[in-house]
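Colleague: One structure is given below, represented as structure tokens, and several questions about it will come after.
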Amino acid sequence: MERSNYKSEIPIFEFHGGIHPKEHKLESNQTPIQKIPLPQQLAINLKGQAGNRSLPIVNVGDKVLKGQVIAESDGIFSTFQHAPCSGTVVAIEKRPIAHPSGLDDLCVVIETDSKDQWCELFPKKNIHELERAEILAHICESGIVGLGGASFPTHIKLKRESGIDTLIINAAECEPYITCDDRLLQERAADVLRGAQIISHLYDDINIIVGIEDNKPNAIDALVDARKQLEMDTVKIAVVPTKYPSGGEKQLIQLLTGEEVPHGGLPADLGLVMHNVATCVAIYEAFEFGKPLVSRVVTLTGEACQKPGNYEVPFGTPVEHLMSFCNATNPGVLVMGGPMMGFELPNPKVGIVKATNCIIMAAPKELKHDHLALPCIRCGACMDACPASLLPQQLYWHAKADEFEKAEEYDLFDCIECGACAYVCPSDIPLVQYYRYAKSTIRNQKVEKTKADKARLRHEARNERLERVKREKAEKHRKAAEARRKAAEAAGEDDAKKAAVAAALARVKAKKAQQDDSDTKTESNDQKDTDA
Amino acid sequence: MSLISSPFAKKPTSVTELMLWVIFATLPGLFALVYFFGFGVIINLILACATALVTEALILKVRQRPVLPILFDGSALVTAWLLALALPPLLPWWMTVIGVAFAIVFAKHVYGGLGNNLFNPAMVGYVLLLISFPLEMTSWLPPAELAQNPVNFLDAVAYIFTGTSMAGEPMTATRLGVDGFTMATPLDHVKTELAQGYRLAEIEKDAVISGLSGSGWQWVNIGFLAGGLFLMFRKVIGWQIPAGVLLGMIIMSFVLFAGNSDHYLSPSFHLFAGATMLGAFFIATDPVTASTTPKGRWIFGLGIGVITVIIRTFGGYPDAIAFAVLLMNMTVPMLDYYTKPKVYGHKVKRQQGDTDAH
Ligand code: SF4
Ligand code: SF4
């Protein structure tokens, strides 16, 4: 593929490993972004983002306008969802969703009308007069999430304010086949930069670096022009060599700064925030036009796709609809996302979500299918390819043997599941599958363990309490006996005998009292515990 | 798991392909062997490969594994091939068969098959033969230009299968040099002569010693060196292990040589004698039984180089690559564990103190 000879404006560092799979970008990046005819129904998944489910606020039968809120943030870890077109809510029910598990989840189903009519929009062009919190709230209410693929709610990512000095715009788009960011830059580079400006404003105008792979010469030219047009001279364009996974957050940071995000830390620990090209455009539209996020650019490609290209697709559009639009009759595999990190769609009925950057409608032999995996020959090819500098062969060995502690010792959780190891493995071992399995098992075990720990702590606390009650009782009785003895002594020598008898009687009585008392106390305590 | 997990893209390399490259890269060395030591090598190769395939197929049947795909991963073939290249050219046929079968059955499948074995199968087979049949295993022929009775193809077949030539002559005749003495390999020769009190300066005048080590042997080593470099260039093998072996050998032999050059062989002699290059590039690099981390591979290689020189110099056998490889094989699990590379985002390596403060 053609490489840009534009010279990076900042020095570029290297990251370990990486691979050069066939790029397959030309199939889809030659034509402008187009609209797609509306389907009859849209099924908007309420968990169509990283985090929690949004809370629906419409009812079946409601008429909605395009851009109207249909679900609200749970206030903790989700965003708003909006009607992607005008029409009628016909169902709020479980439907198959775009998730590798193939499970169903809650969706708002909208029967579209042909008007595609927007609700009233409230632009907020005056960002300089807005409080930080207001800007974040508007981003949240516009339903904006990271559009690079992870779909992490953007307002949460932007929350941390202190210590941030650089915004990196991730335009690397290193996965094969995907070209939606490429096209977006070619056509709307200025809007990308305007969106970046809004983010930068949130931190009192920080540095902006655009990180882009050198296999997008047109996008780079467009960026340079847009920068000139907007007089944003401080924006730096960093051109990185094409190598997968340069667009991984950690890898792009390493490429542009030479630094590594500390284990268990965040880019913010290095003073960085990173946002994707499409996210910037979404932010720009939210403020400039008041438009919430109701659609995104999706690359439709693959050999079975007769009209490959990039399309503006409303959320909830069934993949089926896209397939019939592209005349893709029975593709071999249907992949959502790229060939390296995407997943095979369990069902073509699922709707497009905010994370969907690409649908590959692959011809039967186009993408790898089940092969007989041979044993690992410890050749180390995976190690040489791993961008996290792990030892994938050792991770595999231990994951396969269910030796999860060993796998953790080899830093399993630093694996970003990029698939570079499995790509190069001569034995065709589905390595990433083993890592996912090991990770989820370990996570489950940890949850179980915390549960067990809590139960144990509760049990110990209870024993402790019973113990304490007993001790206090005994102390009380001891004191009482003491007092009585003293009183008897004061009553004189003569009465000593009498006193001794009295004391003995008192002891017997006390013992009895103690027994009764502790019995009832224990019972009431038991009661309390079960209540708790 | 019904659905297939990402990645869906796959680099078109396979184990079979890697194994075939290895075999291909031995060709220059093999030509040198045939040129200097006759066709016995070829017969050994054929015998060894046939034995390997039959043994592997039988074992897979017994272990109820799919026979064809595993048989053609090429690993058994490579084991046999490398072992055969290390055998003396006129070794009786049944010894070759025993060595290969033992390597496949005990060094490989008893451990669970490809990928699970601790010891290099070819070297296990080699050492078994060396210990069981020391005389035959050290009976090399003189290189063609020094041989009194060069062996032709039919004679080679006859020797291997019957122990005598077509004309019924015993093996000893073939081992006579032009000077009428039984010839040994340069390493073997030096060892015996040193033991009899000769100095190196005197021994080096003998016909069997010439050039870098001995005529024939230096070319065999140069052949394997060339093939090995090709493998490195093709990235079929990493460079750390061969570099480690050669460097370890140079260091150790230099220390000895610098101490007493009249009694200890020079580094260049060690490098181009015996099985050095075959060992460094083809045998020590067997990925299954070598260390798998970059640093571990260095140490693994260095260890082999050093141990080889020590055993060659002070041990009872003329060559020692096989022993050195097996000894270092034992250290691999430990090497792997203590040489983990620094993982992204970790300031220091895990075993030197955990950085998970966050
Ligand atoms: S690439 Fe595959 S065969 Fe090679 S070491 Fe890694 S897991 Fe094993
Ligand atoms: S999937 Fe994990 S182990 Fe494999 S190359 Fe990527 S980060 Fe390394």
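Colleague: So what is the 222 nm mean residue ellipticity for chain A from helices alone, if each DSSP H run of at least 4 adds -39500 (n - 2.57) and you divide by all residues, rounding to the nearest 500 deg cm²/dmol?
Modeller: -12500 deg cm²/dmol
Colleague: At a Cα cut-off below 21 Å, give the lysines reachable from residue A:476, other chains included and same-chain residues fewer than 8 away excluded.
Modeller: Output for residue A:476: A:486, A:509, A:511, A:512, A:521.
Colleague: Then there is this: Would you mind giving the mean number of other chain beta-carbons within 10 Å of the Cβ of each residue in B:281-292, as a whole number? Walk me through the numbers before you get to the answer.
Modeller: Numbers: counts 0, 0, 0, 0, 1, 2, 8, 5, 1, 3, 2, 11.
Per-residue shielding by partner chains comes out at 3.
Colleague: Now a separate question. Tell me the label-point distance for the pair residue A:289, residue A:225, using the 7 Å Cα-to-Cβ offset, in nm and rounded to one decimal.
Modeller: That separation, rounded to one decimal, is 2.0 nm.
Colleague: Continuing with the same structure: Carbon and sulfur together cover what percent of the accessible area of the protein assembly as shown at a 1.4 Å probe radius?
Modeller: 59 percent
Colleague: Work out the length of the dipole vector of region A:374-517 about its Cα centre, built from +1 on the beta-carbon of each Lys and Arg and -1 on the beta-carbon of each Asp and Glu, and round it to the nearest 20 debye.
Modeller: Around 1540 debye, computed over region A:374-517.
Colleague: On to the next question. If N is the number of residues in region A:374-517, what value comes out of its Cα radius of gyration divided by 2.2 N^0.38 Å? Don't skip to the answer; put the middle values down first.
Modeller: Working: Rg = 34.5 Å, N = 144, 2.2 N^0.38 = 14.5 Å.
Here the Cα radius of gyration is 2.37 times the empirical estimate.
Colleague: Can you give the Kirkwood hydrodynamic radius of region B:267-351 from its Cα pairs, in Å with one decimal? Please list the in-between numbers first.
Modeller: Working: mean 1/r = 0.0728 Å⁻¹.
The answer is 13.7 Å.
Colleague: Residue farthest toward the positive end of the dipole of region A:34-362, with Cβ of Lys/Arg at +1 and Asp/Glu at -1: which of A:77, A:179, A:106?
Modeller: A:106
Colleague: Any idea of the accessible area per residue across region B:215-358, 1.4 Å probe, to the nearest Å²? Could the numbers behind the result be given before it?
Modeller: Values: 5640 Å² over 144 residues.
Heavy-atom accessible area per residue stands at 39 Å².
Colleague: Another question, if that's okay. Expressed as cubic angstrom per residue, what is the convex hull volume of the alpha carbon set of region B:74-186?
Modeller: Working: hull volume 12.1 nm³, N = 113.
Measuring per residue, one finds 107 Å³ for the Cα hull of region B:74-186.
Colleague: Within 10 Å, count the other beta carbons around each residue, average over each peptide in A:181-191, A:400-410, A:37-47, and list them highest first.
Modeller: On the way: A:181-191: 23.4, A:400-410: 15.8, A:37-47: 19.5.
Answer by packing, highest mean first, reads A:181-191, A:37-47, A:400-410.
Colleague: Given A:349/A:439; A:243/A:307; A:157/A:236, which pairs have Cα atoms separated by over 24 Å?
Modeller: Details: A:349/A:439 29 Å; A:243/A:307 27 Å; A:157/A:236 22 Å.
Over 24 Å apart, Cα to Cα: A:349/A:439; A:243/A:307.
Colleague: Any idea what Rg and Dmax come out to for region A:34-362 if you just take the C-alpha atoms, in Å?
Modeller: Cα-based Rg and Dmax for region A:34-362 come out at 19.0, 55 Å.
Colleague: To the nearest Å, what is the center-to-center distance of region A:29-54 and region A:262-321, using C-alpha atoms only?
Modeller: Distance between centres, Cα-based: 10 Å.
Colleague: Just the ratio, please: alpha-carbon radius of gyration of region A:1-105 over 2.2 N^0.38 Å, N its number of residues. Provide the component values of the computation, followed by the final result.
Modeller: Values: Rg = 20.6 Å, N = 105, 2.2 N^0.38 = 12.9 Å.
Its radius of gyration relative to the 2.2 N^0.38 Å reference: 1.60.
Colleague: What's the lysine pair count for chain B at a Cα cut-off below 21 Å, pairs eight or more apart or interchain?
Modeller: Total qualifying Lys-Lys pairs in chain B comes to 10.
Colleague: Also, I was wondering about something else. Please give the total accessible area that chains A and B bury against each other, computed with a 1.4 Å probe and expressed in Å² to the nearest 100.
Modeller: Values: alone 26880 and 17180 Å², together 39690 Å².
Using a 1.4 Å probe, the pair buries roughly 4400 Å².
Colleague: So how much accessible area does residue B:49 have, in Å² to the nearest 10, using a 1.4 Å probe?
Modeller: Solvent-accessible area, nearest 10 Å²: 20 Å².
Colleague: Could you work out the percent of alpha carbon pairs in region A:236-308 separated by over 15 Å, rounded to a whole number? Don't skip to the answer; put the middle values down first.
Modeller: Working: 1819 of 2628 pairs.
Percent of Cα pairs beyond 15 Å in region A:236-308: 69.
Colleague: When the dipole is taken about the Cα centre of chain A, and only Lys, Arg (+1) and Asp, Glu (-1) are charged at their Cβ, what size is it in debye, to the nearest 20? The partial results should precede the final answer.
Modeller: Working: 66 positive and 76 negative charges, 479 e Å.
That gives chain A a dipole magnitude of about 2300 debye.
Colleague: I've got another one for you. Given all pairs of different Cα atoms, what value in angstroms does the Kirkwood hydrodynamic radius of the protein assembly as shown take? Write down the numbers at each step before the final one.
Modeller: Working: mean 1/r = 0.0303 Å⁻¹.
Radius from the Kirkwood sum: 33.0 Å.
Colleague: Kyte-Doolittle mean at least 0.0 and Cα extent at least 20 Å along the axis: which DSSP H helices of chain B qualify?
Modeller: Details: long enough: B:40-62 (33 Å, 2.03); B:217-233 (24 Å, 1.31); B:240-259 (28 Å, 1.96); B:294-314 (30 Å, 1.04); B:321-338 (24 Å, 1.36).
Those that pass (Cα extent of 20 Å or more, hydropathy at least 0.0) are B:40-62, B:217-233, B:240-259, B:294-314, B:321-338.
Colleague: Right, another one. For helix A:180-202, report the angle its Cα long axis makes with the longest principal axis of the Cα atoms of chain A; keep it between 0 and 90° and round to the nearest 10°.
Modeller: Taking Cα atoms only, the helix is inclined about 50 degrees.
The values are calculated or read from the model by the stated rules, or taken from the named source; none is laboratory data. Everything quoted here is computed from the prediction, not taken from an experiment. With ideal geometry, Cβ positions are generated from the backbone for all residues, glycine too; neighbour counts draw on all protein chains shown. In case anyone asks, the SASA skips ligands and DNA or RNA and just uses the protein heavy atoms, side chains included. Shrake-Rupley method; radii C 1.70, N 1.55, O 1.52, S 1.80 Å.
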